[in-house]
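Data block below; observations after.
Every number here is computed from the coordinates shown, using simple stated rules; none is lab data. What you see is a predicted model, and the numbers here were worked out from it, not measured in a lab. Note that we place each Cβ from the backbone using ideal geometry, even for glycine, and neighbour counts take in every protein chain shown.
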Amino acid sequence: MDELRGSSTTILPLRIWQPPRAFPHTGARSAATRYPRAQPDDNHEKETHVPKAICNGVGIHYEISAPENSKPIILIGGVGTQLTRWSEPFVQTLAAHGFRVIRFDNRDIGLSDGHEDAGVPDFRAVLAAKARGEAPAVPYTLDDMADDVAALLDHLQIERAHVAGASMGGMIAQLVAIRHPQRTASLTSIMSSTGNPDLPKATDAASQALTGRRADPRVDRAAFLDEAVMRAQVIGSPAHAEDAAELRARAEEDLDRAFRPDGFARQYAAILAAPDRRPALARLSVPTLVIHGADDPLVRAEGGRDTAAHVPGARLLEIAGMGHNIPHALNRQIADAIAELAARA
C-alpha cells in the first residue's frame, strides 16, 4: 500500500477511493444528490428549504440551537461529514452549558453548495506539486474553508465565537484561530493534527475503512449501509462501542439527506495541499484545548500531542478508550472540558 510520502497529513493512503463517475448533478442545487429509499418517501425532501449564508461566494447551510443571548460556539465537521455528525445529544449537552450551538455543512458537503465543475482532483499531482515546493492546484484550500467560518459569523452578526472542530474540522478550526484570531474566543481541536508530515500514519485497517471502494447506494443501498457501519466500527472508540443499529440509522439518515462523493474527494485534496501549521500555531495566543483519543486509529494520538505542544498554553485532554469519534458516553466529559475552556477565555 502506497503511503502519502511528503504530505502534510498522516491520515490516508494514496490509493484513495474514487467516487462513481455517473452520479447525476443538476446545477447549483446539485449540492445535495438524493437517494430515495426502496419505497418512495417524500419526507426525505423536508430539508429543501434551509437557511443558507453566502460565504465567499458559496452557499453554506447552517443550523442554530439555543437562544441568541447564549455564548456562541461553532462546530466544524470532518472530511465528508455533514453537520448531523455533531449529534443532537452532544449539541444539547453543550446547550446545557449555556452555549448557542452553530452547526453547518462545510462547502461541497451536505446541503451547502459545491464545486461540481471542478471534478475529482488528481491526488498524485497534488502530492507531486508539494514535493516540488509548489502550491498544489486544488479547487479550494483549508484556508478558504476557514474563511467560510469567519464569513458565516459575519452573516450571523457574531463578533467572536468559541471555535471547535473535529478531524479535518480541527484543522479548519486551527486556521480560523490563525487567520481570524480576533473572531476566536477559544479554540478546541478534536482528534486532529498539525500537518506535521513526520507523525505516525493511520493503521492499515483505518485507512482501508475510509478509502476502500464503496458500494453504489443507487445499486445496492443495503451494502452501502453495511459498509458505513463497518467503517464506523473500525475507527470508533474501543471502550465505547456504539450499537450497530444506531450506526446504520445514522448512515441512512445522512444518505437520505445528501450524498456527495466528489465533495469528499475535493475536501481531501484540500487536506493534502495544506502546509504544516506548526509555525503558525506557535504564534497563537488564543485559549486552546486539544482533545484526542488515546486509541484513535485514523489520526493517531501523536497528532493531538503535537498540536498541544505547539500552541502556547494549550491544554491536552487525551482520553483512554476513545477512537476517531465522539461516542455518546463521552459527550459530557468533552462538553465539560469545552465549557471549562470557555470560562477561562
| In region 291-345, GluC sites (Glu not before Pro) in a DSSP loop with at most 13 other beta-carbon atoms within 10 Å | none
| field | Relative exposure of 190, 64, judged by other C-beta atoms within 10 Å (fewest first) | value | 64, 190
| task | Could you list which residues have their amide H under 5 Å from that of residue 294, counting only those 5 or more apart in sequence or on another chain, with H placed in the peptide plane? | result | 319, 320, 321, 322
| Computed helical MRE - 222 nm, the chain, DSSP H runs ≥ 4 contributing -39500 (n - 2.57), nearest 500 | -10500 deg cm²/dmol
| field | Antiparallel %, DSSP beta bridges [both residues in the chain], to 5 | value | 30
| In nm, spacing of pseudo-spin labels at residue 223 and residue 122 (7 Å Cα→C-beta vector) | 3.1
| query | Non-local amide H neighbours of residue 55 (under 5 Å, H modeled in plane, Pro and chain starts lacking H): which ones? | reply | 60
| task | Would you mind classifying the chain by shape? Square roots of the alpha carbon gyration tensor eigenvalues, ordered a ≥ b ≥ c; an a/c under 1.5 is rounded, otherwise it is prolate if a/b is larger than b/c and oblate if not. | result | rounded
| aspartates and glutamates near residue 52 by alpha-carbon distance under 17 Å, same-chain residues fewer than 8 away left out - which ones? | 63, 105, 108, 113, 147, 148, 154
